[in-house]
1. For I87, what residues show an amide H to amide H distance below 5 Å, using hydrogens built from the backbone and excluding near sequence neighbours?
2. Tell me the angle of helix 65-77 to the major Cα principal axis of the chain, expressed in degrees between 0 and 90 and rounded to the nearest ten.
3. Work out how much length N167 to E77 would gain on full extension: take 0.36 nm times their residue separation and subtract the Cα-Cα distance, in nm to one decimal.
4. So what are the ³J(HN,Hα) numbers for the stretch 80-96, from phi and the Karplus equation (6.51, -1.76, 1.60; θ = phi - 60°), rounded to whole Hz, Gly and Pro as x?
5. So between S197 and H51, what do we pick up on full extension, going 0.36 nm a residue minus the alpha carbon distance?
6. Charges on Cβ only, +1 for Lys and Arg, -1 for Asp and Glu, centred on the Cα centroid of the stretch 44-201; of F194, L54, A110, which one is farthest towards the dipole's positive end?
7. Please give the contour-minus-distance gain from K102 to V37: 0.36 nm per residue of separation, less the Cα-Cα distance, rounded to one decimal in nm.
8. Calculate one ³J(HN,Hα) per residue across the stretch 165-170 by plugging θ = phi - 60° into the Karplus curve 6.51 cos²θ - 1.76 cosθ + 1.60, and present them in order as whole Hz with x for glycine and proline.
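Each reported figure results from applying straightforward, stated rules to the coordinates on display, with no laboratory input. This one's a predicted model, so the numbers in the text were calculated from it and none came from an experiment. Cβ coordinates were reconstructed from backbone atoms using ideal geometry, including for glycine residues, and neighbour counts include every protein chain displayed.
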Amino acid sequence: MAISFPPIYFIRHGETDWNKQKLVQGSADIDLNATGVEQATAVAQALYAKHSELQHFDFYASPQIRAQHTMQIICAEQPRDFANVRIDARLRELEFGIWEGKDIGLMHEARDYALGQVSHYHWKPEGGESYAEGVLRVDDFLRSLAGPSLVVSHGAVARCFIGYICNIPRIDITHLPTPQGCYCVLQNGTYTWFDVSHNPI
C-alpha cells in the first residue's frame, strides 16, 4: 500500500555541462548550462498555468546551485520571492564518492556496481551514499511537510521520492526515468511526468 503524503510537484534541475558530458555529479556543485536555463525557463512558464494551485504550495530546493538556479527561474515566473523558498539539505543529490567527475559509463562497468539487482539499491560507492540512504533522507523530509509542496532537486533523489511515495519495489527504483525540462506530479500514491505542454510522458 502506498504511503499517503500531500501532493508534490517535483522538478529535476535543468541540464549542466556535466550532464551533457555524462559525468557523475553527486555532491559536485555545477551550475546550469545554456540548455539547462532554457529547460528551466520552459518548465517555469508551464508551471505558470498552475499558478492558482501552486500559490498555496510550499517551495523547497536542494542547496546545490543547479537546483537553486532552476528554482530561481521558477520563482521569477510565478512570481514568488526566492527568499521564501526553503533550502533543505535533505534534498541534495546522492553522493557518489570516488566516481564524481568521472564518466557514468565507467561507473556502470565497475566490478562492484550491481546493475539491475536488489543489491544495487544498497550499493554504496566508496565515499558516497546508497539509494537506501537516500530514501531515508526522503522519508525524513516527507514526514516534515505541512502541506502541498513544489520541490526542485536531482535525478537520484527523484527516484527516491517516486519509489518511496509510490511503493515501487527496490529492484526498480534505481532505474526510474527522471527527465529534465519536465515536471512530475506525485499524488495519491501515483506519479506522472508531464512535458511543458502538460502532456503525460
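1. A61
2. 20 degrees
3. The span from N167 to E77 would gain 29.1 nm if fully extended.
4. After applying 6.51 cos²θ - 1.76 cosθ + 1.60, I find 8, 6, 4, 4, 8, 6, 8, 8, 10, 5, 5, 9, 5, 5, 4, 8, 10 Hz.
5. Gain on stretching S197 to H51: 51.1 nm.
6. Comparing the listed Cα positions along the dipole, L54 ranks first.
7. 21.0 nm
8. Residue by residue, the stretch 165-170 yields 5, 9, 6, 7, x, 4 Hz.
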